[in-house]
Amino acid sequence: MAILITLQGPDVGRKFPLTGDCTVLGRQYDATICLTGKAISRQHAQILLRDSQFLLEDLDSSNGTFLNGIRLKPRAPVPISDHDSLQIGSYVFALRQTPDTPASVEPTMVVREKVSASSFRQALAQDPALKLQVVVEIAQNLGRTLELDPVLDKLLEQLLRLFPLADRALVILYEGDKLVVRAQKCRGMMDETAIPFSRTIVRRALDEGAGLLSDDVQTDQRFQSSDTLSGLDLHSLLCVPLITPEGRKLGVVQIDCFRRGLGFRSEDLHLLAAICLQVTVVLENVEMHAQSLREERLHQELALAREIQQSYLPQGLEGILATDFEIFGRVFPARQVAGDLYDYFPTRDGRLAFFIGDVSGKGMPAALFMVAVRTLLRHLGKEPGSPAQMLTKLNAALADDNPACLFVTLAHGLYEPRTGEVTLASAGHPPPLLRRAGGRVEAVNLKSGRLLGYTEGELAFPELRLKLDPGDLLVFVTDGILEARGPVDKSLYGRERLFDLAADFDGKRKLSEFAEKAKIAVELYAGTKELQDDVTLLMLRRT
């Protein structure tokens, strides 16, 4: 006899017998297997029996029939075996061949959903006082800590007390996609490290969403294919899956008996299944607690990384007594750490070198690459040379060791305080704007070369020279301002709005106030205080 068993979706664990040559699955009331849900067609699919081979056929359904994640072509039957998974809408089924069970033999499989208060009371029928006491102790111990190892250690200790026939109790959990023994206890002098477990049993319990009971493993036809079991002197076992209400498989609890002539009974399975319902909830809580600790630790590490990153940015002029100009930069990160940067420092010939850049990508990779860029800027920027020569040297240094293939846009300038002259070059960075002392805003026609970080393509950085008169303000920004999008039509903030913002700015006010004003303008335009991208400004004003 063959059955379909529900692995995911409504009625997990429910079994549908395949009794005829054709089994129709669909939403129609007279379908062989009637399913519910808007994604189910009236006659969705059918399973055919031909020469002892089962075939799955999609009946031209609207939302498709999937075998092992692959959508079937309509009206094209394909073989299906008990190694396959069948998905229709929110349902996931598995085909299982079941041996015919004589009426006088008690079934050895109990579905988790059928474990109820009545079955729990039945499990306590023999020596109820002791069993109830141990179960209460288990519940109390499970709730005392959110650390996994103490929880599992105490659980197995109590299970060996609760099940006198048990020689070994173990918890097997998923770590990634692998099943590993997370905790194990043996009775007496047994060496627990020398006894393997059978993945055949564990996977069967998880696949079917059901607790397994075998009172004689060596003659149980369900496990004849297991090489591990055939090499073990295992007599009887209980194996109950740990599956969340959402259908997520955490692992199993298994209890083994190696002594001949003794075997577990159905009430033992009911009792273990009831306990495992509690264990599943506790494991979820432990996992959420561990995730919360990881997130808190990551938050602390990111906060420290942000503090370190901000400390790299200059807070004042080093070695220059600036009485005739001001320079100010500010980074507003979209995340804890930023991929934007700015820097400025005096060169050996008395000029001021300044930079503003934007690393491709976001988050920690961009932030780390930003630190590398800034370190190289400090090393190369103090040597004599023009901005174009500096950008060429920087590109060579970055491209020489760039395994993550990140890139950076960069604008670089040299300012001569005595004359107010500025020499500029750009590597893929937006050109600056110039606000004259009288309030008129001009576009700076700075032609750009390509981005930095790779060797392919032409490497040319045209330079532009301009002069700042007293009161003139040169403003550089990253595209976090220019490409901020509105909440409705997704239009860009753009350069025109930035020009208007600069024109309205009182040229006598502090440059830090303009940076704050620009950030607020972007937030108002986007309709949220959560920045879509890092927002960075660098401003140079001749006083």
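The values are calculated or read from the model by the stated rules, or taken from the named source; none is laboratory data. Just so we're clear, the structure is a prediction, and the values are computed from it rather than from any experiment. Because the Cβ atoms are built from the backbone with ideal geometry, glycine has one as well, and the counts that use them run over all protein chains shown. Protein only, heavy atoms only, side chains kept; ligands, DNA and RNA dropped before computing areas. Shrake-Rupley method; radii C 1.70, N 1.55, O 1.52, S 1.80 Å.
Of all the residues that make up segment 359-394, how many are of a type in the set (A, V, I, L, M, F, W, C) and touching a His at 6+ places or on another chain (Cβ under 9 Å)? Spell out how you get there, then give the answer.
From segment 359-394, those of a type in the set (A, V, I, L, M, F, W, C) are 359, 364, 366-373, 376-377, 380, 388, 390-391, 394; that's our starting set.
Remaining after also requiring touching a His at 6+ places or on another chain (Cβ under 9 Å): 377, 388, 390-391, 394.
Number satisfying all stated conditions: 5.
So which of 183, 169, 139, 129 is out of contact with any Lys or Arg (no Cβ under 8 Å at 6 or more places or on another chain) and at pLDDT 85 or above?
Being out of contact with any Lys or Arg (no Cβ under 8 Å at 6 or more places or on another chain) and at pLDDT 85 or above holds for just one of 183, 169, 139, 129, which is 183.
Answer yes if at least one residue in segment 188-204 is at pLDDT 85 or above, open to solvent by less than 40 Å² (accessible area, probe 1.4 Å) and under 34 Å from the mean Cα position of the chain (by Cα), and no otherwise.
yes
Any chance segment 271-278 includes a residue that's assigned to a loop (DSSP other than H, G, I, E, B), open to solvent by 10 Å² or more (accessible area, probe 1.4 Å) and among the small types (Gly, Ala, Ser)?
In the first step, residues of segment 271-278 are kept if they are assigned to a loop (DSSP other than H, G, I, E, B); the result is none.
So far as segment 271-278 goes, no, none of its residues is assigned to a loop (DSSP other than H, G, I, E, B), open to solvent by 10 Å² or more (accessible area, probe 1.4 Å) and among the small types (Gly, Ala, Ser).
Name the residue that is surrounded by the fewest Cβ atoms within 10 Å (Cβ to Cβ), counting only residues in segment 466-505 that are over 25 Å from residue 422 (Cβ atoms), touching a helix residue (DSSP H, G or I) at 6+ places or on another chain (Cβ under 8 Å) and among the hydrophobic types (A, V, I, L, M, F, W, C). Explain how you work it out, then say what you get.
Restricting attention to segment 466-505, the residues satisfying the condition of being over 25 Å from residue 422 (Cβ atoms) are 483-493.
In the following step, the residues that additionally are touching a helix residue (DSSP H, G or I) at 6+ places or on another chain (Cβ under 8 Å) were identified as 484-487, 492-493.
When the remaining residues are screened for being among the hydrophobic types (A, V, I, L, M, F, W, C), the result is 484, 492.
Details: 484: 21, 492: 15.
Here the residue is 492.
Which residues, taken from segment 21-43, are open to solvent by less than 30 Å² (accessible area, probe 1.4 Å), in a loop (DSSP other than H, G, I, E, B) and out of contact with any Lys or Arg (no Cβ under 7 Å at 6 or more places or on another chain)?
Step one: list which residues in segment 21-43 are open to solvent by less than 30 Å² (accessible area, probe 1.4 Å), which gives 23-26, 31, 33, 35, 40-41.
Of the ones still in play, those that are also in a loop (DSSP other than H, G, I, E, B) are 31, 35, 40-41.
Selection gives 31 alone.
Starting from segment 69-88, keep only residues that are more than 19 Å from residue 7 (Cβ to Cβ), then list their pairs with residues that are in a loop (DSSP other than H, G, I, E, B) and open to solvent by less than 80 Å² (accessible area, probe 1.4 Å) whose Cβ atoms are within a distance under 7 Å, requiring at least 6 positions of separation or different chains.
If the second residue must be in a loop (DSSP other than H, G, I, E, B) and open to solvent by less than 80 Å² (accessible area, probe 1.4 Å), the pairs left are 78/72.
Test of understanding: among 84, 58, which residue is among the charged types (D, E, K, R) and over 30 Å from residue 200 (Cβ atoms)? Talk me through it step by step, then tell me what you get.
On the way: 84 fails: over 30 Å from residue 200 (Cβ atoms).
Being among the charged types (D, E, K, R) and over 30 Å from residue 200 (Cβ atoms) holds for just one of 84, 58, which is 58.
Out of 517, 510, which single residue is open to solvent by 80 Å² or more (accessible area, probe 1.4 Å) and out of contact with any Phe, Trp or Tyr (no Cβ under 6 Å at 6 or more places or on another chain)? Give the steps one after another, and end with the answer.
Numbers: 517 fails: open to solvent by 80 Å² or more (accessible area, probe 1.4 Å).
Of the residues listed, the single one that is open to solvent by 80 Å² or more (accessible area, probe 1.4 Å) and out of contact with any Phe, Trp or Tyr (no Cβ under 6 Å at 6 or more places or on another chain) is 510.
Looking at segment 442-454, I want the residues that are touching a residue at least 24 places away in the same chain (Cβ under 8 Å) and open to solvent by less than 40 Å² (accessible area, probe 1.4 Å) and have a partner that is assigned to a loop (DSSP other than H, G, I, E, B) and aromatic (Phe, Trp, Tyr) with Cβ atoms under 8 Å, at least 6 apart or on another chain. Which pairs are those?
Hits for this filter: 449/461; 452/407; 453/407.
Could you grab me the full set of residues in segment 389-440 that are of a type in the set (Gly, Ala, Ser), surrounded by fewer than 22 Cβ atoms within 10 Å (Cβ to Cβ) and under 17 Å from residue 357 (Cα atoms)? Break it down into steps so the answer makes sense when it comes.
Initial filter on segment 389-440 (of a type in the set (Gly, Ala, Ser)): 396-397, 399, 404, 411, 413, 420, 425-428, 437-439.
Those still in the list that are surrounded by fewer than 22 Cβ atoms within 10 Å (Cβ to Cβ) too: 396-397, 399, 404, 420, 428, 437-439.
Scanning segment 389-440 gives 396, 397, 399, 428.
Restricted to segment 394-420, and to residues that are of a type in the set (A, V, I, L, M) and in a helix (DSSP H, G or I), which residue is farthest from residue 370 (Cα to Cα)? Walk me through how you get there before you give the answer.
Filtering segment 394-420 for residues of a type in the set (A, V, I, L, M) gives 394, 396-399, 404, 406, 408, 410-411, 414.
Now restrict to residues that are in a helix (DSSP H, G or I): 394, 396-399.
On the way: 394: 13, 396: 16, 397: 14, 398: 11, 399: 14 Å.
Among those that are of a type in the set (A, V, I, L, M) and in a helix (DSSP H, G or I), it is 396.
Output the qualifying pairs, or none if there are none: Cβ atoms under 9 angstrom, residues six or more apart or on different chains, first residue in segment 200-219 and basic (Lys, Arg), second residue open to solvent by less than 10 Å² (accessible area, probe 1.4 Å).
203/179; 204/210; 204/212; 204/223; 204/239
Give me the pairs: first residue in segment 249-275 and closer than 17 Å to residue 197 by Cα, second residue open to solvent by 30 Å² or more (accessible area, probe 1.4 Å), beta-carbon distance under 6 Å, and six or more apart or on different chains, which are they?
Every condition considered, the pairs that remain are 251/174; 257/165; 258/233.
Just to be sure I understand, how many residues within segment 345-369 are open to solvent by less than 10 Å² (accessible area, probe 1.4 Å) and under 28 Å from residue 324 (Cβ atoms)?
7
Filter segment 339-363 down to the residues that are of a type in the set (Gly, Ala, Ser) and within 44 Å of the chain's Cα centre (by Cα) and list them by number. Spell out the reasoning first.
Residues of segment 339-363 of a type in the set (Gly, Ala, Ser): 339, 350, 353, 357, 360-361, 363.
Within segment 339-363, 339, 353, 357, 360, 361, 363 meet the criteria.
When you scan segment 526-537, do you find a residue that is aliphatic (A, V, I, L, M) and without any contact (Cβ under 8 Å) to a residue 12 or more places away in the chain, even just one?
First, pick out the residues of segment 526-537 that are aliphatic (A, V, I, L, M): 526, 531, 535, 537.
Add one more test, that the residue is without any contact (Cβ under 8 Å) to a residue 12 or more places away in the chain, and what stays is none.
No, that holds for no residue.
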